[in-house]
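Colleague: Starting off with a structure, shown below.
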Amino acid sequence: MIQRTIFREEHEMWRETVRRFVEKEIVPFHAEWEEQGIVPRELWLKAGEAGLLCCTVPEEYGGLGLDYLFDVVVFEELWRVGASGPGFLIHTDLVATYILSFGTEEQKRHWLPKMVSGEAIGSLGMTEPHAGSDLKAVRTRAIRDPQAAAGDNDADFIVNGQKVFISNGQMCDLIVLATKTDSAAGAKGVTLFLVDATTEGFKRGRNLEKLGMKAQDTSELFFEDMRVPASAMLGEEGAGFKIMMTKLSQERLAQAIRSATVTETIIDWTVDYTAERKAFGQSIGDFQNTQFVLADLKARATMARVFTDRCIDLFMAGQLDSVDAAMLKMVTTELHCEAADKCLQLFGGWGYMWEYPICRAYADARIVKIAGGSIEIMKTIIAREMFKGKLAKAAA
């Protein structure tokens, strides 16, 4: 069997530490959190104390200053046990990296130590009822205080609008909020702000009831005449869309790491189950259909893992482009959903019972073809690159 080669000894030692934390602090309580639709804040503080949050944040901002593979280990160990909560991925892999990449020194020193410790939980406020994959279409408005003097670049902004499907929305202390500061400028009118959740005018909506990922709180957020200082702007005014685009490959890589990991895990569950479960005087694993289904999934899961690890290498070298990330997300998430469906079938009626991990995995799987850019968007990105310059020449 092909062995993974991207991890060094220190990563595997870290994996053992993370695995012990997950088995002690998450696995025994996860079913209860699924019923509640949220994990307790105490878990975030424990994770911060154990070093599981924001592993790549430099020491000067309270972090460990480790490489990206340490974060990958944390995510993989969560997904191997079917933990749909907590929302460490959004917090660590996106919010913290937005601040590290584009924040001012003051913003970094204010927020990052709190994110590392779990004291401040991060969230991305981007998706809206009318703007999902098309981020330049956001309608949440941020306008300069009308009472401020003309040309006052230090004037506050007044924010009005709403967001939906926001992971960590019920618990977040910090929101990377996408707004329109110029409604006539299209993508160049999008501006990001770092919003403190205690700001007057911010209101959390309901914790949304989802098909899967039930332990991860997902919310509507509302902003009514919310005043934010100009110093809360992340990057320059009008640069929000460009900033968001720089992080899409990383977000899609994270989705692929999840799908590759879960696919391997549910195949292992199914091999163990079908080897023990009897039908017609033999184990289900003795039937040729079972063997063929699982052999096909195993072969493709291995290919997906090799591709995923290669893209991790490219990302760490600063060479993962948007097309490779789109191809990776497309093939891994489609395989993830297919494996969940076919493996549940081999569990029979028990696979449809919520007490079985395969049932939870099936429900959790469906979002992966939507989150981080839909499969249709991935195909559009890939096809656009394939036909670049060719269709115009043919038409001429």
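Any read-out appearing in this document is the output of simple, stated calculations on the displayed coordinates, not a laboratory observation. Note that the structure is a prediction, hence the values are computed from the model and not measured. Cβ coordinates were reconstructed from backbone atoms using ideal geometry, including for glycine residues, and neighbour counts include every protein chain displayed.
Colleague: Using +1 at the C-beta of Lys and Arg and -1 at the C-beta of Asp and Glu, which of Leu221, Ala184, Asn168 has the Cα lying farthest in the positive direction of the dipole of region 162-223?
Modeller: Ala184
Colleague: May I pose another question? If I build a Gaussian network model for the chain, linking alpha-carbon pairs within less than 10 angstrom, which residue out of Asp152, Asp309, Asp364 has the largest mean-square fluctuation?
Modeller: Looking only at Asp152, Asp309, Asp364, the biggest GNM fluctuation is shown by Asp152.
Colleague: Spelling out what I want: for every residue of region 315-320, take phi, set θ = phi - 60°, compute 6.51 cos²θ - 1.76 cosθ + 1.60 (Karplus), and round to whole Hz; glycine and proline get x.
Modeller: Running phi through 6.51 cos²θ - 1.76 cosθ + 1.60 with θ = phi - 60° gives 4, 5, 8, x, 10, 7 Hz.
Colleague: With the cut-off at 18 Å, report for region 89-246 the share of all Cα pairs above it, as a whole percent. Present the calculation step by step, with values, prior to reporting the outcome.
Modeller: Working: 6929 of 12403 pairs.
Value for region 89-246 (Cα pairs over 18 Å): 56 percent.
Colleague: Mind giving me the FRET efficiency for Ile2 and Asp196? R0 is 56 Å, r the Cβ-Cβ distance, nearest 0.05 is fine.
Modeller: Details: r = 47 Å, r/R0 = 0.84.
Efficiency for this residue pair is about 0.75.
Colleague: Using the charge dipole of the chain (Lys, Arg: +1 at Cβ; Asp, Glu: -1 at Cβ; taken about the Cα centre), state which of Leu64, Val39, Gly125 has its Cα farthest towards the positive end.
Modeller: Looking along the dipole axis, the top candidate is Gly125.
Colleague: Okay, helix-only estimate at 222 nm for the chain: each DSSP H run of n ≥ 4 adds -39500 (n - 2.57), divide by all residues, round to 500 deg cm²/dmol; what do you get?
Modeller: After summing the helix terms and dividing by the residues of the chain, the value is -15500 deg cm²/dmol.
Colleague: Quick one: dipole size for region 123-238, taken about the Cα centre, charges +1 on Lys/Arg Cβ and -1 on Asp/Glu Cβ, in debye to the nearest 20.
Modeller: Values: 13 positive and 17 negative charges, 104 e Å.
Rounded to the nearest 20 debye, it is 500 debye.
Colleague: Additional query: With +1 on each Lys and Arg Cβ and -1 on each Asp and Glu Cβ, how big is the dipole of region 55-125 about its Cα centre, in debye rounded to the nearest 20?
Modeller: Here the size comes out at about 200 debye.
Colleague: Could you work out how far apart the two model spin labels at Trp350 and Tyr68 are, taking each label as a point 7 Å from the Cα in the direction of the beta carbon, and quote it in nm?
Modeller: That separation, rounded to one decimal, is 4.0 nm.
Colleague: Another one. Please identify which residues in region 173-206 have an amide N closer than 16 Å to a label point set 7 Å out from the Cα of Glu236, following the Cα→Cβ vector.
Modeller: Of the residues in region 173-206, 181-182, 187-192 have backbone N under 16 Å from the label point off Glu236.
Colleague: How far apart, in nm, are the 7 Å Cα→Cβ label points at Asp145 and Ile375?
Modeller: 5.0
Colleague: Need one number: nm distance between label points at Asp154 and Ala184, each 7 Å from Cα along Cα→Cβ, rounded to one decimal.
Modeller: Between Asp154 and Ala184, the simple spin-label model gives 2.9 nm.
Colleague: Given R₀ = 25 Å, FRET efficiency for Val81-Gln288 by Cβ-Cβ distance, to 0.05?
Modeller: Once rounded, the FRET efficiency stands at 0.20.
Colleague: Taking the Cα of Lys203, stepping 7 Å toward and past its beta carbon, and measuring to each backbone N in region 145-161: which are under 20 Å?
Modeller: 158-161
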